[in-house]
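Here the structure comes first, spelled out in structure tokens, and everything after it is commentary.
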Amino acid sequence: MLTLGPDDILLGRHADSWQIALDSAAEALVDAGFVEAGYRDGLHAREAQSSTFLGNTIAIPHGTPESRQHVKQTGVRVLQFPQGIEWHDGQQVHVLVTIAAQNDEHLDILRQLTHVLDREGVAEQLAGATSADDVARLLSKPTLEPRLDAETLCVNFPARDPQELALAAAARLRQCGCVDNSFITGVAAAQPTWLGKGLWLTSSDQGVNQPALGVATPAEQSLESAGHPIHALFCLAAHGDAHRPLLEQLMAVIENGESQSLVGKTSAQLLASLAGETANTHTHRVRVLNTHGLHARPAKQLVQVARAQHMPINVRLEEGSATPVSAASLTKVIGLGARRGQWLVLSAEGEQASEALEAVAAAVEDGLGEKVSPFDGGREDNAIVDTQAAPSVAPLASDTPHVGVAASPGLAIAPVFVIRPLTFDYPQHADDPEHELVRLREALKVAGTQLQTLVHNAPGAEVADILSMHEEILDDPELYQAAAEGIRDGLSAQAAWWEAIETAAHAQEMLADRLLAQRAADLRDVGRRVLGVLCDVSLPEPPDHPYILVMDDIGPSDVARLDTSRVRGLLTVRGGATAHSAILARALGIPAVVGAGQAVMTLNNGSMMILDGERGRVTPQPSEERLLRAEKQLQEHQQREADAWETRFEIAQTRDGHRVEVAANLGNTAHAADAVERGAEGVGLLRTEFLFMAHASAPDLATQIGEYRQAIDALEGRPLVARTLDVGGDKPLPYWPVPHEDNPFLGLRGIRLALTQPDVLETQLRALLMASTNQPLRIMLPMVKDIAEFRAVKAIYDRLLTEIAPSQRATDVQLGVMIEIPSSALLAPSLAAEVDFFSVGTNDLTQYTLAIDRGHPELSASADGLHPAVLRLIQMTVAAAHTQGKWVGVCGELASDAVAIPVLVGLGVDELSVSARQIPLVKARLREFDFADAQVSAQLALSQATSDEVRDALEAR
Ligand code: PEP
Ligand code: MG
């Protein structure tokens, strides 16, 4: 959203005519680097169409749509003319708010300015202001009006008392970013107040980012507390008393109506009630068709038509604020900020009301003086349907970078393919169980054939494994039995099958919570496939040309199934950079941006997009110019990759010869040969849990030896660093269920879990030792918190060394630990005395240092391993290791971050272990700087206070 700051304001201008004023506004935009000189003509052409005078001595010059090609960057320049200029429509102007917009961002500015237009005295204050701050303050909208729209509602919540409703409403306000956790704490500590008429109020001013009013209604009709009915609860996130008018308006509305009727209403119905629409109110919905929404010109027309009806007509956005505005007020109508595709609700009361509304609606449909195209019920409507699913999500502005979490580097330019949640329509009951059973069996067969084809075409072993697991689910006799029972009880095949799937999935989730959540997702995945066959709904068919896949969230199994020949990039609503799905995306070399928010679901299938996985940005519908720039960048990137590929076998070292080993992170021993082919100097992290996950029960000694030997042989004498089984947290192992834990990331995982079944650990250590004889083997333990855990494993390891004859086992072997818990970094000196090496797992170390779940849908964007706190822990680790003559690797995702590499090298890290695809680029990056340079970068990074400051400081170097 565009906002005004003092730097945008140029005071004390003078112009003899409005044309000269407009020219200096154009010049100011050029000087700011927002536009090219050609934009000036666009500003003049726009004035020639109609005046951009807004009111109260303010005009808002902006270019025509054709002149947008000259816009380099969206921005605003405000020019103050203390002596005033006569505008071409005869109005006196003191302030030009000149906008360089690539799309409809000028609507934001318009909305901000509408409040100034009604205020008395502002014109004089603007003319006489002597500081940029004063002008900015006068023009900026005080965001005091509390937000109340479909997103702040929580309807039909299964609460038992007002306090539960209050907490649900508070959580809703947090979800839409109006408040933070301390608000919820404030609400939890207070008892809701009884307002009368079944209404309750709770409020807090703690942790309020934006004043808002949440409204929650209970699911149950006749709920009571202390003898009072519970019909609705207002949850107020207050700033001063700006909420009073709204609250009073709502109370009046509800008192006039019947508060009991609020229970059971949908969000849209509740908004209508809160907007004061009653049985006597006539309403008419009409869709805005204007390409650039209800900006000044069409809004003016709407107002004129509304006034011509000679009766009060109100208008509101269907999914927007519950406060209707007068359709006769230009500033209020502009203030709605209505965009193309959004529905307006017009309302009026009395005789002739419906004719009046029809007249206004007809004018809106006709385009309010602008040429409009019908709203495309197919392509465009998708966006609206999804917007409704996630109310009030503004669609992404075209040709404007939208920020998400950088999850896998690379640039992708391709049309998007959006996978929206499928809906299946089916009868709950059926009369002929035999027929339903036949249908189910046939559907299972068809789904099985589909899966077989997918397994056959799978791009790699990991993908095939996951799909084979789906085949097993399909063959599960218990699932079939459960569904068959449902059918015999009178359910349709669809209803019975889905009930069986849901019951099984739910049971998995209950058993081990997050550890098995992924298996539940697989169950539902298979369930939907069969349901698709039964309902004749085809699962979304990806296009046969390259595309960027857009989904709500993407699990590791989804990533593994991707058709890498066509998927150019991945974009998700949720997810974090160090979730295993992101790691897999990197392993597959697919650029990815995750956690980009609900708005990405409003993208139209087939629309073009630039996805920058390095910077975590996506730009929908880029302009020709931006597209050309991105294509050039892509070519350069491909060239860089090609150059790096050419030199991939050269030794990994800095420009001045400081050696840093570059190794590969692997999840599958079969990929070791490929890693060597990509220039790996060893394997720095073998995630052995994937081997365990690929089997239905723990693999025995011989199987494990065979697997590890595959990697060791492929490495031809290069070192293998194998991590012992690391399950728990976000990596479930179906046959090793963990009792329910509220906090699995702080529970039984990593070495703690492994030590609960020492025989499994012992078999693994034995297999690792016996898989290699004269090749270098390094074994490391995950999630070690202190020396005691290391010693517990070391005791087993030492015993094995005596039990297995040296001729039968590795002799060049080291035992080390991962540094992924802050305690182990803080205690590195005591660990360094006994371990052979450290490998820093920055993914978990960052998670535990910053207390941010690495897969958290919103927060993980700020879980940046370049945080100075994490860097200090790495510094301590390296210092302790080097004092004892031990080496330190980094195997978390930070090791392949181009900005972080010099910092890690400067901190003294000896080895970087990265996904195999990154190896040539990481080696090439090392050759770009000297060690002394890297040390300066490291010191610079350590001296910053936040990760943003670290990145800014490094970028500025
Ligand atoms: C880490 O935590 O940085 C790491 C390498 O381990 P994983 O990502 O497998 O948890
Ligand atoms: Mg880890």
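The values are calculated or read from the model by the stated rules, or taken from the named source; none is laboratory data. Everything quoted here is computed from the prediction, not taken from an experiment. Ideal geometry is used to build each Cβ from the backbone, glycine not excepted, and the neighbour counts take in all protein chains shown.
Can you find, within the range 894-944, the residue that is farthest from Ala680 (Cα to Cα) among those that are part of a helix (DSSP H, G or I) and within 16 Å of ligand 2 (Cβ to nearest atom)? Break it down into steps so the answer makes sense when it comes.
We begin by selecting, within the range 894-944, every residue part of a helix (DSSP H, G or I); these are 894-896, 900-906, 916-926, 931-942.
Adding the requirement that they be within 16 Å of ligand 2 (Cβ to nearest atom) leaves 894-896.
Numbers: Leu894: 17, Ala895: 14, Ser896: 13 Å.
Checking each candidate, the answer is Leu894.
Determine whether the range 813-823 contains at least one residue that is touching a strand residue (DSSP E or B) at 6+ places or on another chain (Cβ under 7 Å), β-branched (Val, Ile, Thr), surrounded by fewer than 24 Cβ atoms within 10 Å (Cβ to Cβ) and assigned by TED's automatic domain parsing to the domain that holds Val683.
yes
Conditions tested, residue by residue: (1) surrounded by 15 or more Cβ atoms within 10 Å (Cβ to Cβ); (2) part of a helix (DSSP H, G or I); (3) among the charged types (D, E, K, R).
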{"site": "Gln638", "(1), (2), (3)": "no, yes, no"}
{"site": "Gly657", "(1), (2), (3)": "no, no, no"}
{"site": "Ala672", "(1), (2), (3)": "yes, yes, no"}
{"site": "Gly679", "(1), (2), (3)": "yes, no, no"}
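Got a sec? Which of Leu138, Leu126 is hydrophobic (A, V, I, L, M, F, W, C), over 26 Å from Ala272 (Cα atoms) and in contact with a strand residue (DSSP E or B) (Cβ under 7 Å, 6 or more places away or on another chain)? Break it down into steps so the answer makes sense when it comes.
Numbers: Leu138 fails: in contact with a strand residue (DSSP E or B) (Cβ under 7 Å, 6 or more places away or on another chain).
Result of the check over Leu138, Leu126: Leu126.
Hey, can you tell me all the residues within the range 878-910 that are within 16 Å of ligand 1 (Cβ to nearest atom) and touching a Pro at 6+ places or on another chain (Cβ under 9 Å)?
Of everything in the range 878-910, those that are within 16 Å of ligand 1 (Cβ to nearest atom) and touching a Pro at 6+ places or on another chain (Cβ under 9 Å) turn out to be Ser896, Asp897.
Only one of Ala900, Ala880, Ala953, Ala924 is surrounded by fewer than 24 Cβ atoms within 10 Å (Cβ to Cβ) and under 27 Å from the mean Cα position of the chain (by Cα). Can you tell me which? Even if it seems obvious, please write down each step before you answer.
On the way: Ala900 fails: surrounded by fewer than 24 Cβ atoms within 10 Å (Cβ to Cβ); Ala880 fails: under 27 Å from the mean Cα position of the chain (by Cα); Ala924 fails: under 27 Å from the mean Cα position of the chain (by Cα).
The unique qualifying residue is Ala953.
Considering only residues that are more than 11 Å from Leu912 (Cα to Cα) and polar (S, T, N, Q), which ones fall in the range 657-675?
Of everything in the range 657-675, those that are more than 11 Å from Leu912 (Cα to Cα) and polar (S, T, N, Q) turn out to be Asn668, Thr669.
In the range 753-785, how many are within 16 Å of ligand 1 (Cβ to nearest atom) and touching a Gly at 6+ places or on another chain (Cβ under 7 Å)?
So the count comes out to 5.
Mind checking whether some residue in the range 85-94 is without any contact (Cβ under 8 Å) to a residue 12 or more places away in the chain and of a type in the set (A, V, I, L, M)?
The first filter runs over the range 85-94 and keeps only residues without any contact (Cβ under 8 Å) to a residue 12 or more places away in the chain, leaving 90.
Add one more test, that the residue is of a type in the set (A, V, I, L, M), and what stays is none.
No, the range 85-94 has no match at all.
Which pairs have Cβ atoms under 8 Å, sit 6 or more apart or on different chains, and link a residue in the range 557-570 that is farther than 13 Å from Ala592 by Cα and in the same structural domain as His456 (by TED's automatic domain parsing) to one that is modelled with pLDDT under 75 and β-branched (Val, Ile, Thr)?
Ser557/Ile466; Ala560/Val463; Ala560/Ile466; Arg561/Val463; Arg561/Ile466
Within the range 945-957, which residues are of a type in the set (D, E, K, R) and not in a helix (DSSP H, G or I)? Steps first, answer last, please.
Step one: list which residues in the range 945-957 are of a type in the set (D, E, K, R), which gives 948-949, 951-952, 955, 957.
Scanning the range 945-957 gives a single hit, Arg957.
Filter the range 802-816 down to the residues that are more than 16 Å from ligand 2 (Cβ to nearest atom) and either closer than 23 Å to Gly885 by Cα or part of a strand (DSSP E or B) (or both) and list them by number.
Residues of the range 802-816 more than 16 Å from ligand 2 (Cβ to nearest atom): 802-815.
Within the range 802-816, Ala810, Thr811, Asp812, Val813, Gln814, Leu815 meet the criteria.
Among the listed residues Arg854, Arg872, which satisfies the condition of being within 14 Å of ligand 1 (Cβ to nearest atom) and farther than 30 Å from Thr773 by Cβ?
Working: Arg872 fails: within 14 Å of ligand 1 (Cβ to nearest atom).
Sole residue among the options that is within 14 Å of ligand 1 (Cβ to nearest atom) and farther than 30 Å from Thr773 by Cβ: Arg854.
Just give me the residues in the range 724-743 being under 16 Å from Lys785 (Cβ atoms) and either touching a Phe, Trp or Tyr at 6+ places or on another chain (Cβ under 6 Å) or within 13 Å of ligand 1 (Cβ to nearest atom) (or both), in sequence order.
Thr724, Asp726, Gly728, Gly729
Among the residues of the range 140-153, are any at pLDDT below 85, in a loop (DSSP other than H, G, I, E, B), outside the structural domain of Leu10 (by TED's automatic domain parsing) and farther than 28 Å from Lys332 by Cβ?
no
Those residues that are of a type outside the set (D, E, K, R) and touching a residue at least 60 places away in the same chain (Cβ under 8 Å), I need them from the range 345-359; list them, please.
Taking the range 345-359 first, the residues of a type outside the set (D, E, K, R) are 345-348, 350, 352-354, 356-357, 359.
Within the range 345-359, Val345, Leu346, Ser347, Ala348, Ala353, Ser354, Leu357 meet the criteria.
Can you name the condition, by its number, that Arg791 falls short on among (1) of a type in the set (Lys, Arg); (2) outside any helix (DSSP H, G or I); (3) away from ligand 1 (no atom under 15 Å from the Cβ)?
Among (1) of a type in the set (Lys, Arg); (2) outside any helix (DSSP H, G or I); (3) away from ligand 1 (no atom under 15 Å from the Cβ), the lone unmet condition for Arg791 is (2).
Check whether at least one residue in the range 688-711 is in a strand (DSSP E or B), within 16 Å of ligand 1 (Cβ to nearest atom) and touching a residue at least 12 places away in the same chain (Cβ under 8 Å), and report yes or no. Walk me through how you get there before you give the answer.
Initial filter on the range 688-711 (in a strand (DSSP E or B)): none.
The answer is no; no qualifying residue exists.
What are the residues in the range 722-765 that are of a type in the set (Val, Ile, Thr) and either within 28 Å of the chain's Cα centre (by Cα) or within 15 Å of ligand 2 (Cβ to nearest atom) (or both), if any? Please lay out each step first, then the result.
Applying the first criterion (of a type in the set (Val, Ile, Thr)) to the range 722-765 yields 724, 727, 738, 751, 756, 760, 763.
The answer is Thr724, Val727, Ile751.
Report those helices (runs of 4 or more DSSP H) wholly inside the range 817-876 carrying at least 1 residues which are within 16 Å of ligand 2 (Cβ to nearest atom).
Values: elements: 822-826, 828-832, 842-850.
Fully inside the range 817-876 and qualifying: 822-826, 842-850.
When you look at Leu195, is it out of contact with any helix residue (DSSP H, G or I) (no Cβ under 6 Å at 6 or more places or on another chain), in contact (Cβ under 8 Å) with a residue 24 or more places away in the chain and crowded, with 17+ Cβ neighbours inside 10 Å, yes or no? Before the answer, list the steps.
On the way: out of contact with any helix residue (DSSP H, G or I) (no Cβ under 6 Å at 6 or more places or on another chain): yes; in contact (Cβ under 8 Å) with a residue 24 or more places away in the chain: yes; crowded, with 17+ Cβ neighbours inside 10 Å: yes.
Answer is yes for this residue.
With the requirement that a residue be assigned to a helix (DSSP H, G or I) and either of a type in the set (Asp, Glu) or free of Cβ contacts under 8 Å to residues at least 24 places away in the same chain (or both), what does the range 157-174 give you?
Narrowing the range 157-174 to residues assigned to a helix (DSSP H, G or I): 162-174.
Of everything in the range 157-174, those that are assigned to a helix (DSSP H, G or I) and either of a type in the set (Asp, Glu) or free of Cβ contacts under 8 Å to residues at least 24 places away in the same chain (or both) turn out to be Glu164, Leu167, Ala171, Arg174.
Tell me, which residue of the range 825-844 that is within 14 Å of ligand 1 (Cβ to nearest atom) and hydrophobic (A, V, I, L, M, F, W, C) is surrounded by the fewest Cβ atoms within 10 Å (Cβ to Cβ)? Break it down into steps so the answer makes sense when it comes.
Step one: list which residues in the range 825-844 are within 14 Å of ligand 1 (Cβ to nearest atom), which gives 825, 838-844.
Cutting the leftovers down to hydrophobic (A, V, I, L, M, F, W, C) gives us 825, 838, 840.
Numbers: Ala825: 24, Phe838: 29, Val840: 30.
Top of the filtered list is Ala825.
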